[in-house]
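Working notes, structure below.
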Amino acid sequence: MHPFWNTIVKVFPTWLAPNLITFSGFLLVVFNFLLLAYFDPDFYASAPGHKHVPGWVWIVVGILNFVAYTLDGVDGKQARRTNSSTPLGELFDHGLDSWSCVYFVVTVYSIFGRGPSGVSVFVLYLLLWVVLFSFILSHWEKYNTGVLFLPWGYDISQVTISFVYIVTAIVGVEAWYEPFLFNFLYRDLFTTMIIGCALCVTLPMSLLNFYKSCKNNSLKHNSIYEALVPFFSPCLLFILSTAWILQSPSDILEMHPRVFYFMVGTAFANITCQLIVCQMSNTRCPTLNWLLVPLFLVVVVVNLGVASYIESMLLYTVTAAFTLAHIHYGVRVVKQLSSHFQIYPFSLRKPNSD
């Protein structure tokens, strides 16, 4: 995609701040998530016998998804073009990307949704974790090797999904009911693509780069424990959220799948942002993210047995708390970096130039 991005970036004026491009792309991803949340709140809109999402919505989502992906690709080029590359830009870019994972996956889910021709909410939960671990794997690699390798599986998925959105608007969701090959359904192709990109591209390339760095004695952390510390909090998040699902007296994932996905994705984004800050500053990654403490308490309470409305209140409360905490963390870090480097986050002007 670099030849395409090199052409697109020339369209932007040189006074346009790269971080503003990054943030604009992120807002488009969030808008797609909210748009389909309105038309498909419970992921049943694509199921047979239900009112489907209007065709124009798929066109809008497809176009905006590709535009957001393009903006995510050109922001770094704009930074180099305007000689404005800073650690703030790197954190801003990858930090928002970590939060975009949940928006992207959950929005794609509406193509197939639940029902006999779709994917169960628990399978989608597992697929979400495949994407999340694929994302953090690249940053774990940089934490240990000092080099960030972004596999092209991400590019394949973004271009393909944008195309599928447009196709869905043309042929309708009913087209995905039919078998793709023999008894292999399109929903199976969806899950196979996600798992295949993770297992065949992201994981082997990260392990290969880690092995090369180890062989060249260029690893930043010599002990196995220190090398694996960034995985502790994500793994604990996975264990706690899965335990909540399995022990839920009211089947919380079936009742509020969209909110539950968002809660997990937001906690994961906060964990990843802290890892990115550590890899940029050459500091040790924290072993435990404090957001996991209230989640652990909620899982304990749920395991003791609570009424369905109380469990729903707990989910919404934890989700709101995680969202506010993550936004607060992001704003605080951006302010600190902006002050340290004497820059405005959304402008190329220097504070002392006023």
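With a Förster radius of 45 Å applied to the beta-carbon distance between Thr283 and Val159, the computed FRET efficiency rounds to 0.80.
The slack in the chain from Ile327 to Trp15, taken as 0.36 nm per residue of separation less the alpha-carbon distance, amounts to 109.6 nm. Under 5 Å between amide hydrogens, built in the peptide plane, is the criterion, and for Leu185 it picks out Phe180 among residues at least 5 positions away or on other chains. Applying 0.36 nm per residue to the separation of Val293 and Leu203 and subtracting their alpha-carbon distance, the gain on full extension is 29.5 nm. Once the Cβ-Cβ distance of Tyr225 and Ile170 is raised to the sixth power relative to R0 = 41 Å, the FRET efficiency obtained is 0.20. What's the carbon and sulfur percent of region 12-338's accessible surface, probe 1.4 angstrom, rounded to a whole number? That fraction is 71 percent.
Between the residues Val121, Leu199, His326, the greatest Cα displacement towards the positive end of the dipole of region 12-338, with unit charges on the Cβ of Lys, Arg, Asp and Glu, is found for His326. What you get for the chain, charging only the Cβ of Lys and Arg (+1) and of Asp and Glu (-1), is a dipole of about 1040 debye around the Cα centre.
Note on region 48-93 and region 100-157: Cα centroid distance 16 Å, given to the nearest whole angstrom.
Val301 label point, 7 Å along Cα→Cβ, cut-off 18 Å on backbone N: hits in region 199-240? Within reach of a label on Val301, which here means backbone N under 18 Å from a point 7 Å along Cα→Cβ, region 199-240 contributes 240. Multiplying the residue separation of Glu254 and Tyr38 by 0.36 nm and subtracting their alpha-carbon distance yields 76.0 nm. Excluding same-chain neighbours fewer than eight residues apart, the lysines reachable from Lys215 by a Cα-Cα span under 25 Å are Lys142. Put +1 on the Cβ of each Lys and Arg and -1 on the Cβ of each Asp and Glu in region 12-338; which of Val293, Leu208, Ser233 then has its Cα farthest toward the positive end of the dipole? After comparing all options, I get Leu208. In order along region 222-229, the Karplus-derived 3J(HN,Hα) couplings, from 6.51 cos²θ - 1.76 cosθ + 1.60 at θ = phi - 60°, round to 7, 7, 4, 4, 5, 5, 9, 3 Hz, and Gly and Pro are given as x. Relative contact order of the chain, taken over Cα pairs closer than 8 Å and 6 or more residues apart, is 22 percent. Helix-only arithmetic for the chain: the sum of -39500 (n - 2.57) across DSSP H runs with n ≥ 4, divided by the residue total, places the mean residue ellipticity at 222 nm at -24000 deg cm²/dmol.
Each residue of region 47-58 was assigned a 3J(HN,Hα) from its phi angle through the Karplus curve 6.51 cos²θ - 1.76 cosθ + 1.60 (θ = phi - 60°); the sequence is 7, x, x, 10, 6, 7, 5, x, x, 5, 5, 5 Hz, with glycine and proline shown as x.
Rounded to the nearest 0.05, the FRET efficiency derived from the C-beta distance between Trp56 and Asn183 at R0 = 35 Å is 0.60.
Each residue of the chain gets 155 Å³ once the volume of the Cα convex hull is shared out per residue.
The values are calculated or read from the model by the stated rules, or taken from the named source; none is laboratory data. Values in this document were obtained by computation on a predicted structure and should not be read as measured data. Neighbour counts run over all protein chains shown; Cβ positions are idealised from the backbone, glycine included. In case anyone asks, the SASA skips ligands and DNA or RNA and just uses the protein heavy atoms, side chains included. Shrake-Rupley method; radii C 1.70, N 1.55, O 1.52, S 1.80 Å.
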